[in-house]
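Q: Below is a structure I'd like to ask you about.
The values are calculated or read from the model by the stated rules, or taken from the named source; none is laboratory data. As the structure is a computational prediction, the values presented were derived from the model and not from experiment. Please note: Cβ atoms are built from the backbone with ideal geometry, for glycine as well, and neighbour counts cover all protein chains shown.
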């Protein structure tokens, strides 16, 4: 669940912040993780109309318009 990830990451960020000997790597890592968790909290619940529109768009995609590795992903 996104909210759980946010809470865990927030707590880890606080621990790194309060750690006077935290490395730059630790700071960067927890910052990125917290920013991602915050971004995920911004998503809104979908509805079937939006879902159907998205499915229709995906179904219209043509493999020959993409390189092979992109298409497989």
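Q: Which of the following residues is more than 22 Å from the chain's Cα centre (by Cα) and either part of a helix (DSSP H, G or I) or modelled with pLDDT of 85 or more (or both): 64, 28? Spell out the reasoning first.
A: Working: 28 fails: more than 22 Å from the chain's Cα centre (by Cα).
Just one listed residue meets the conditions, 64.
Q: If residue 38 satisfies every condition in (1) under 27 Å from residue 5 (Cα atoms); (2) exposed (fewer than 10 other Cβ atoms within 10 Å of the Cβ) but one, which is the exception?
A: (2)
Q: Still on this structure: Go through 22, 13 for me and flag whichever is outside any loop (DSSP other than H, G, I, E, B) and surrounded by 10 or more Cβ atoms within 10 Å (Cβ to Cβ).
A: Every option except 13 fails the conditions.
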